[in-house]
Amino acid sequence: MAAAPNSPAVAIVQLKADDLPAFCPNPKMPLWNHHPRVFLDVRHDGKARCPYCGTEYQLEPGTVLHGH
């Protein structure tokens with residue numbers, strides 16, 4: 001999905017298996033930008049979008065998920 005003209009670009013965070021479970025805001029985000037923590041399911045499509053800030057999370061190509 002491309003960003004609309006004159007709109008800020010959407011951040012994309014690449015995840016490895018060790019980064020799961022995925023959640024937003026992630027530890028690298030600035031404190032002023034925090035919102036309630038939400039866990040994101042990337043297991044089915046390999047990607048998810050935060051409903052609060054729109055940050056996209058994607059599994060890195062070749063990432064193998066381990067079941068419990």
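The values are calculated or read from the model by the stated rules, or taken from the named source; none is laboratory data. Only a predicted model underlies this, so the values are computations on that prediction, with no experimental measurement involved. Quick reminder, even Gly has a Cβ in these numbers, built from the backbone with ideal geometry, and neighbours come from all protein chains shown.
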statement: Reported set for the range 52-68 where residues are at pLDDT 90 or above and either surrounded by 12 or more Cβ atoms within 10 Å (Cβ to Cβ) or among the small types (G, A, S) (or both) is Y52, C53, G54, T55, E56, Y57, Q58, L59
task: For the range 47-61, enumerate the residues that are part of a loop (DSSP other than H, G, I, E, B) and under 11 Å from L15 (Cα atoms).
output: E60, P61
message: Quick check on the range 17-50: of everything there that is within 14 Å of T63 (Cβ to Cβ) and aliphatic (A, V, I, L, M), which residue is surrounded by the most Cβ atoms within 10 Å (Cβ to Cβ)?
response: A48
